[in-house]
Each structure stands twice: as C-alpha cells, then as structure tokens.
C-alpha cells in the first residue's frame, strides 16, 4: 500500500514538472515573439527619424537659402543657387553623402512655371523602405525679384 502511494506521488511530481516546463517553453516563445515585434517597431521608428532629419537638413541647406542683407528667410530657396547646386554636389560628393546618405532631394516648382530640379540623388541598388517627405517652400527669383511656389520632396531609402 505504501509503495503504491509513493508511486502515485512520484507520478504527480513528474506531471507537475512536465506542465511547469511546458509553461516555461510557452512563455519563452511568447517573449521572443514580443521582443522581435518590438525591435521591428523600433527599427521603423529609427528609419522615420532619419527621414525627418534628412528633410530638415535639406530644407535648411545654406547652399540654397534665400537671404537679403545677410538675413536668412525661412522656407525659401534661391533659384539661382538651385540651378548650380548639382555642380557643387558633384564636386563634394562625399560631403553630401555624409549629410544626406541614401536619399533623393528634388525641388518641384509649381508656380509660375512647372519645373523639377534635382538637388541630390544617391539611390542604393536595392532598398527595403522608401519614405517621402514633402515641404512647401517659396522660390525666390533674384533676376526678376519675384517669388514662386514649390515643394521640396525628400525621399530617404533604407538598404
């Protein structure tokens, strides 16, 4: 009688340990899935922050800013400077890559004419994500002393 009782208690202990280890395995699997999904969200947030930083750098680029009497004007790009930025970017390719990375920056003039001008372009051969940011800007034509309207389009690629 005593032997059977101890065998039953031993079987109960083994069953409890088995259930305990199954619960530990399920908990570990759940934890790794949660950790994996949170790391994907964090990577996506970092890509979006990088895109915003590149867009801010592009909109405040001193090579394109309008200024009158050494006073910088907000959200304004000088068309004369814009027409020659591609020459400057080609000469200083490494510097602009450090500033903008893998991105494409385009100024689309909407009024009075419709025209597209490239500021910077470095697109990887293969990329996973592309985030685009559009910033409304005014375009200053110094030869005619007039203003137009345009959009600064910044596309950031993540390889």
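Every number in this text was worked out from the coordinates using simple rules, so none of it is lab data. Because the structure is a prediction, the values reported are computed rather than measured. When we count neighbours, we look across all protein chains shown, and the Cβ atoms used for this are built from the backbone with ideal geometry, even at glycine.
So how much slack lies between residue 14 and residue 93, counting 0.36 nm per residue of separation and subtracting their Cα-Cα distance, in nm?
21.6 nm
Can you give me the pair-distance distribution of the chain, C-alpha pairs, 10 Å bins, whole percents?
9, 27, 21, 10, 7, 7, 6, 5, 4, 2, 0
May I ask you to derive the FRET efficiency for residue 60 and residue 35 from their Cβ-Cβ distance with R0 = 25 Å, giving the value to the nearest 0.05?
0.10
Any idea what angle helix 2-59 forms with the longest principal axis of the chain, computed on alpha-carbon atoms, 0 to 90 degrees, nearest 10?
It is inclined by approximately 0 degrees.
So if I take the centroid of the Cα atoms in the range 6-28 and the same for the range 96-135, what is the distance between those two points in Å?
When both Cα centres are located, 60 Å separates them.
If I stretch the segment between residue 122 and residue 68 completely, what's the gain in nm (0.36 nm per residue apart, minus their alpha carbon distance), one decimal?
Gain on extension, residue 122 to residue 68, equals 16.3 nm.
If the label point is 7 Å along Cα→Cβ of residue 129, which residues in the range 41-61 have backbone nitrogen under 16 Å from it?
Inside the label zone: 41-55.
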